[in-house]
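Input: a single structure, listed below in structure tokens.
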Amino acid sequence: MSGSYDDSVGVEVSSDSFWEVGNYKRTVKRIDDGHRLCNDLMNCIHERARIEKVYAQQLTEWAKRWKQLVEKGPQYGTVERAWCAFMSEAEKVSELHLEVKGSLMNEDFEKIKNWQKEAFHKQMMGGFKETKEAEDGFRKAQKPWAKKLKEVEAAKKAYHAACKEEKLAVSRETNSKADPALNPEQLKKLQDKVERSKQDVLKTKEKYEKSLKELDNATPQYMENMEQVFEQCQQFEEKRLRFFREVLLEVQKHLDLSNVASYKNIYRELEQNIKTADAVEDLRWFRANQGPGMSMNWPQFEEWSADLNRTLSRREKKKASDGVTLTGINQTGDQVSQPNKHSSSLSVQSNTVQSVQSSYNPFEDEEDTGSTVSEKEDNKIKNVSSYEKNQSYPTDWSDEESNNPFSSTDANGDTNPFDEDASPAMEVRVRALYDYEGQEQDELSFKAGDELTKMENEDEQGWCKGRLDNGQVGLYPANYVEPIQ
């Protein structure tokens, strides 16, 4: 904004009135303020849009996290659906707030920016064209009147100076009459000065009154010209104020979700989902799926079948050199005996392993890599039965496991983990680990914890010859006993 013109320099402002010289600058400054207010309004909308975006993101994150917690939690049925309805509400409200953010930035923000660009035109030397035009209009309207005002001020000053000089001359003349030292010539000079000062007072007064009259005559035109420029500024400001009101109403519409039909539908749907929660229905569902309503495979009498619980005799085991079957295992302590109908099968390829001393190790715990999932969960010992030679051998039952004390490192089965405790010609006292019921006449029967004497080391089929304390001699599975330390 350019400075005031030269004619206004030196003119003292007697009041804060708009009509005083230079006081139009407040009206001109309003144009610059209008441009800055556009920036302020854009910044205000931009910050609100950022808040809407952050709120939408937080709603989405909250809904996602809690939806997972509820779905994985113990809540079930219609109440679970009612609870999850709050997460659905948050996701939908998040979408609406993203739409609000988009409306604020893409519509309101851009509208203000474009209007500001069209309403305010920057000059190459700085400032705005509208500001310069308003200032030039006020200066042009004020210049003639301001010039006459300066003349009035000068005439007034001269008149007041003449009056002061007259008063001083009259005072000197009065004092000189009482002074006997003054000669008549000096007294005459004082009287002449008083006369001249009176004439100057009359002359300056006449000039002052004349300039004041001219100023009064110029005032109506001055007021008319100033009013005209002021109205132009008023019209420009009116456009800005009306535009701001229009934009603020649009912002209000974008922010007011209560009038958005989809927003009302969100909470209408949320209310319906909550009201559909039915405790009786949920309890009925839980009874049917988790309670007494579940089906049960109740135990029934099962006839013994030789095919299902078939035990190979010692002579049959000798013929089937490709694999062994351990039967009649009754565990004690923390382990529970497993019925023979759940026995697991193991078959060995004849071209891979010529002899397997024991395909199952009763000492392996539930973390053994050779156990199946059901064996780990139930912690039960399964029976192993051999089938045809050409049946595939599962990789997870490899006899090369390092934690199996019965697996042989020799393909021909020449090594025995018990060899270090007893020589072939020496009898060794052993203790039974499991109950065993002899299946043949030449097999021993004993209970877990019974002691007996091992008379011969186990053969290729995993059988040992032993003697009970009552003198009975027979065969028993080698891995059913352990040496007494």
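See the values below:
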| read-out | value |
| --- | --- |
| Rounded to the nearest 10 Å², the accessible area of residue 163 at probe 1.4 Å | 40 |
| Residue 445 long-range amide H proximity, modeled H, under 5 Å | 438 |
| Cα-based reach from residue 72 at 20 Å (exclusive), listing lysines while leaving out same-chain residues under 8 positions away | 64 |
| Filter on 150/205; 140/207; 92/113; 67/264; 25/113; 157/203 - keep pairs with C-alpha separation over 19 Å | 140/207; 92/113; 67/264; 25/113 |
| Derived scalar couplings ³J(HN,Hα) [region 34-47; Karplus, 6.51 cos²θ - 1.76 cosθ + 1.60; whole Hz; x for Gly, Pro] | x, 5, 5, 5, 4, 5, 4, 5, 5, 5, 4, 5, 5, 5 |
| Residue-wise HN-Hα coupling along region 443-448, computed from phi with Karplus coefficients 6.51, -1.76, 1.60 (Hz; x: Gly, Pro) | 10, 7, 10, 7, 10, 4 |
| Integer Hz, Karplus 6.51/-1.76/1.60 couplings in order for region 88-105, x for Gly and Pro | 5, 4, 4, 5, 5, 5, 4, 4, 5, 5, 5, 5, 4, 4, x, 5, 4, 7 |
| Charge context of residue 155, other residues only, Cβ under 11 angstrom, K/R +1, D/E -1 | +4 |
| Amide proton proximity set for residue 76, modelled H, under 5 Å, gap of 5+ | none |
| Highest average packing first - 444-457, 254-267, Cβ atoms within 10 Å | 444-457, 254-267 |
| Rg over Rh [alpha-carbon atoms, Kirkwood Rh] for region 429-483 | 0.90 |
| Compactness of region 90-152 as Cα Rg over 2.2 N^0.38 Å, two decimals | 2.19 |
| Rounded percent of accessible protein surface that carbon and sulfur make up, region 429-483, 1.4 Å probe | 38 |
| Carbon + sulfur, % of accessible area of region 129-229 - ligands and nucleic acids excluded, 1.4 Å | 53 |
| Candidate lysines for bridging to residue 189, where Cα separation is under 19 Å - those fewer than 8 sequence places away on the same chain excluded | 164, 167, 177, 198 |
| Residue 434 long-range amide H proximity, modeled H, under 5 Å | 449 |
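The values are calculated or read from the model by the stated rules, or taken from the named source; none is laboratory data. Values in this document were obtained by computation on a predicted structure and should not be read as measured data. Using ideal geometry, Cβ is built from the backbone for each residue, glycine included, and neighbour counts are taken over all protein chains shown. Side chains included, ligands, DNA and RNA excluded: accessible areas come from the protein's heavy atoms. Shrake-Rupley method; radii C 1.70, N 1.55, O 1.52, S 1.80 Å.
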